[in-house]
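The structure under discussion appears below in the form of structure tokens.
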Amino acid sequence: MLFRSGEIPSVGQAPEELSITPDSPALIGLSEPFDGQRFSLRAGRTTMGRSANNDMTLTEPSISATHARIIGERGNWRVLNLLSTNGTFVNGKKISESPLRHGDRIRMGRVEFVFQTSETLDPSRKRSGNRTTVVAITLALLAAAVGVAYLFL
């Protein structure tokens with residue numbers, strides 16, 4: 001059987017739902033030597049550390065060989081310290097594990113990042129916002145109808 005190019009995924013190719021896009025959650029470097037660099041995250045787990053066998057290699061002496069792991073499952077993100085020498089901090093607080101939210105600052109050793117997400121990546125927030133808007137409009141229309149009915153009584 002013959003196949004055309006593109007009909008068979010490459011070996012090790014990530015499924016589409018794990019693809020990294022420009023809107024993917026990311027760590028943005030806030031300190032040297034990573035200042036301004038964007039490290040995209042994908043669903044599943046991302047290991048970070050000085051060793052080259054990490055998903056995110058951070059060559060900085062204050063970072064342990066395997067320092068931390070970020071896990072993304074169903075739109076929820078968390079960071080775990082992996083018994084690093086200099087610890088992992090979220091918003092200035094030393095953690096062993098912590099949930100992550102847009103804008104959280106993560107420090108490993110002397111290196112700091114900000115965790116960024118896109119509102120469009122969190123379907124629960126989008127649905128919640130839409131549901132709130134529909135409820136508010138429905139209540140406003142109901143109040144207007146009751147007001148009109150009151151005028152005619």
* In nanometres, what is the gap between the two model label sites at ASN86 and ARG38, each 7 Å from Cα along Cα-to-Cβ? -> 2.6
* **Contact order normalised by residue count of the stretch 24-120, Cα under 8 Å, 6+ apart, percent** => 26
* Asked: Over its Cα atoms, what ratio of radius of gyration to 2.2 N^0.38 Å does the stretch 30-80 give?
  -> 1.16
* Structure fact -> In this structure, the FRET efficiency calculated for THR59 and LYS94 from their beta-carbon separation, with R0 = 30 Å, to the nearest 0.05, is 0.80
* **Å² of accessible area per residue within the stretch 77-117, as computed with a 1.4 Å probe and no ligands counted** => 55
* If you line up the Cα atoms of the stretch 23-116 on their principal axes, what length do they span on each, largest first, in Å? -> 33, 27, 26
* Structure fact -> For ILE63, ILE71, the accessible-area ranking with a 1.4 Å probe, largest leading, is ILE71, ILE63
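The values are calculated or read from the model by the stated rules, or taken from the named source; none is laboratory data. Computed from a predicted model, the values in this text were never measured in an experiment. No Cβ is skipped: glycine too gets one built from the backbone with ideal geometry, and neighbour counts run over all protein chains shown. Each accessible area value is taken on the protein alone, full model and side chains, heavy atoms only, with ligands, DNA and RNA left out. Shrake-Rupley method; radii C 1.70, N 1.55, O 1.52, S 1.80 Å.
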